[in-house]
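Novice: Once you've had a glance at the structure underneath, I'll fire off some questions.
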Amino acid sequence: MDVCEILIVEDDEGTRQSWVRDIRDFNRTPGAAFRFQATFSINKRQAMEALSRTRFDCAVIDLRLPDGDVETGAAHPLGNDVLQKLLLEIGIPTVVYSGYEGEASEIIRLSNIRVHTKRGGEGAKILVSFEAQAGLMAAMEATRSRIANATALLFNQSIWHRWETRWSKEENKEMISDVIARQTVSHIADAMGQMPANHHPDEFYVVPALYVGRIDTGDLLDLDGQIHVVLTPRCNMANKPPSHLMLAVCSAMPEWSQWKDHFLTGGAKQKIKAEKDLRSHATQGHGIATHFLPPLDEAGPWLVDFQEVRTVKSEDIPALLPKRFATIAPHFVPNLVQRYTSYLGRIGQPNINTDILSQLCQR
């Protein structure tokens with residue numbers, strides 16, 4: 001990205017001029033990742049309007065702001081309202097820059113938004129911190145562009161036509177709005193999920209789990225130091241709360257350390273074997289009784305052991321929520337459930353004498 005669009009919400013004229021100088025100095029820095037293009041808002045209303053009509057890459061928000069043109073509300077932390085919109089609806093790197101940093105709301109303090117105290121030199125440091133996130137901002141811009149393109153394609157090829165021929169006649173427009181939303185999300189997930197031949201291991205997980213108030217299929221739980229994964233199908237939990245929740249033990253993999261040693265210090269044959277074993281697990285080509293879960297940060301990898309399954313009573317499920325640290329991403333969950341049901345559905349047969357088979361083969 002060549003230009004970083006930054007929103008600065010600040011009601012004090014002197015502080016705004018300080019930002020102008022800091023941005024001017026940054027933009028003159030040789031080798032900078034980008035140059036800043038600033039938009040200033042002096043109150044909450046202007047900030048909300050700017051966010052509704054302009055795409056920004058990052059934002060700096062003061063806490064004590066007037067509500068509108070009249071100096072009402074300047075003694076109150078109305079910047080929290082702007083921050084909440086940025087946090088819950090927009091999602092861009094944001095910092096608080098205030099002389100009353102203790103007035104940041106709880107939801108802001110618990111988020112990744114950093115709080116800076118107004119003092120000399122701090123503005124320049126904030127700009128440098130945004131420069132360090134240039135890759136993140138570029139990635140998010142590219143992601144939003146791809147989502148917009150996929151949405152436009154669906155709209156022009158499907159949604160618009162179906163609205164004119166059918167949906168516009170439906171009285172329950174709220175229901176149709178939900179239909180369009182689900183269709184759009186499903187289309188985007190399918191369009192973007194099929195792009196690479198190989199996914200990055202980090203795509204296997206969502207951290208932290210998105211569903212705050214409920215347990216879902218694929219949730220990973222740390223129960224007294226032993227990792228478990230939820231196997232109960234989502235449809236079972238959606239249609240009727242289950243009397244029990246089914247969990248499988250996720251066992252640590254000593255093979256991982258062996259593969260690492262072979263890759264780092266082993267001979268050619270050991271490296272080939274390690275790569276073959278690793279590829280077999282990554283594609284779930286190993287034994288039917290287990291399911292491979294790749295590393296998550298410094299933890300893992302694990303093998304889900306379908307032979308080690310336990311149940312938890314429904315009344316004990318709320319106590320599991322604080323023990324959840326991640327969930328398997330939606331496009332990887334179906335394979336986990338399918339492999340478990342395949343394991344349960346195996347029938348097997350009596351062993352055939354291989355010595356006799358060998359004799360027959362040699363005739």
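The values are calculated or read from the model by the stated rules, or taken from the named source; none is laboratory data. Keep in mind it's a predicted model, so treat the numbers as computed, not measured. Positions of Cβ are generated from backbone atoms using ideal geometry, with glycine treated the same way; all protein chains shown enter the neighbour counts. The area values use the complete protein model at the heavy-atom level, side chains included, leaving out ligands, DNA and RNA. Shrake-Rupley method; radii C 1.70, N 1.55, O 1.52, S 1.80 Å.
Novice: In whole angstrom, how long is each semi-axis of the equivalent ellipsoid of the chain, when you take the square root of 5 times every eigenvalue of its Cα gyration tensor and sort them from largest down? Write down the numbers at each step before the final one.
Specialist: Working: eigenvalues 485, 151, 102 Å².
The three semi-axes for the chain are 49, 27, 23 Å.
Novice: Mind running the shape call on segment 155-276? Use the C-alpha gyration tensor, a ≥ b ≥ c as the square roots of the eigenvalues: rounded below 1.5 for a/c, prolate if a/b tops b/c, oblate otherwise.
Specialist: Judged from the Cα gyration tensor, segment 155-276 comes out oblate (a/c at least 1.5, b/c at or above a/b).
Novice: Would you kindly state the longest site-free stretch of the chain, with sites defined as GluC sites (Glu not before Pro) in a DSSP loop (not H, G, I, E, B) surrounded by at most 15 other Cβ atoms within 10 Å?
Specialist: Counting at most 15 other Cβ atoms within 10 Å as exposed, the longest clean stretch of the chain is 172-297.
Novice: Quick check: net charge around Leu278, other residues with Cβ under 12 Å of its Cβ, Lys/Arg +1 and Asp/Glu -1?
Specialist: Value of the local net charge: +2.
Novice: Still on this structure, please answer the following. Taking 7 Å along the Cα-to-C-beta vector as the label spot, tell me the Gln270-Gln157 distance in nanometres, rounded to one decimal.
Specialist: With each label point 7 Å from Cα toward Cβ, the separation is 5.1 nm.
Novice: Here is a further query. Given a 1.4 Å probe and every protein chain left where it sits, what share in percent of the accessible area of segment 1-89 is carbon and sulfur? Intermediate results must be reported in sequence, preceding the final value.
Specialist: Working: 1970 of 4410 Å².
Ligands and nucleic acids excluded, carbon and sulfur give 45 percent.
Novice: With a cut-off of 8 Å between alpha carbons and a minimum separation of six or more residues, what is the relative contact order of segment 124-242 in percent?
Specialist: 15
Novice: Set the Förster radius R0 to 22 Å, insert the Cβ-Cβ distance between Ser280 and Gln307 as r into 1/(1 + (r/R0)^6), and round the FRET efficiency to 0.05. It would help to have the intermediate numbers written out before the result.
Specialist: On the way: r = 19 Å, r/R0 = 0.88.
Once rounded, the FRET efficiency stands at 0.70.
Novice: Send over a whole-number figure in Å² for the accessible area per residue of the chain, probe 1.4 Å.
Specialist: I get 60 Å² per residue for the chain.
Novice: Also, I was wondering about something else. Which value in deg cm²/dmol, rounded to the nearest 500, describes the helix-derived mean residue ellipticity at 222 nm for the chain, given -39,500 (n - 2.57) per DSSP H run of n ≥ 4 and division by the residue count? List each step's numbers first, then the result.
Specialist: On the way: 13 runs with 148 residues, N = 363.
It comes out at -12500 deg cm²/dmol, rounded to the nearest 500.
Novice: Further, regarding this structure: Looking at the chain, do any whole DSSP H helices span at least 24 angstrom along their long axis by alpha carbon and average 0.0 or above on Kyte-Doolittle, and which?
Specialist: Those that clear 24 Å and a mean of 0.0 are 134-154, 173-193.
Novice: Also, quick follow-up: For Lys173 and Arg363, what does the FRET efficiency come to when R0 = 56 Å and r is the distance between their Cβ atoms, rounded to the nearest 0.05?
Specialist: After rounding to 0.05, the efficiency reads 0.15.
Novice: For segment 98-156, what is the Kirkwood hydrodynamic radius in Å, using each pair of distinct C-alpha atoms?
Specialist: 14.4
Novice: Here's another thing I want to ask about it. How far, in nm, would the chain grow between Arg28 and Leu344 when pulled straight, counting 0.36 nm per residue and subtracting the alpha carbon separation?
Specialist: Details: separation 316, 0.36 × 316 = 113.76 nm, distance 6.55 nm.
Roughly 107.2 nm would be gained on extension.
Novice: On to the next question. May I ask you to give the percent of accessible area on segment 223-330 that is carbon plus sulfur, with a probe radius of 1.4 Å?
Specialist: 54
Novice: Another question, then. First compute the accessible area of segment 111-206 with a 1.4 Å probe, then give the percent of it belonging to carbon and sulfur atoms.
Specialist: Carbon plus sulfur share of accessible area: 54 percent.
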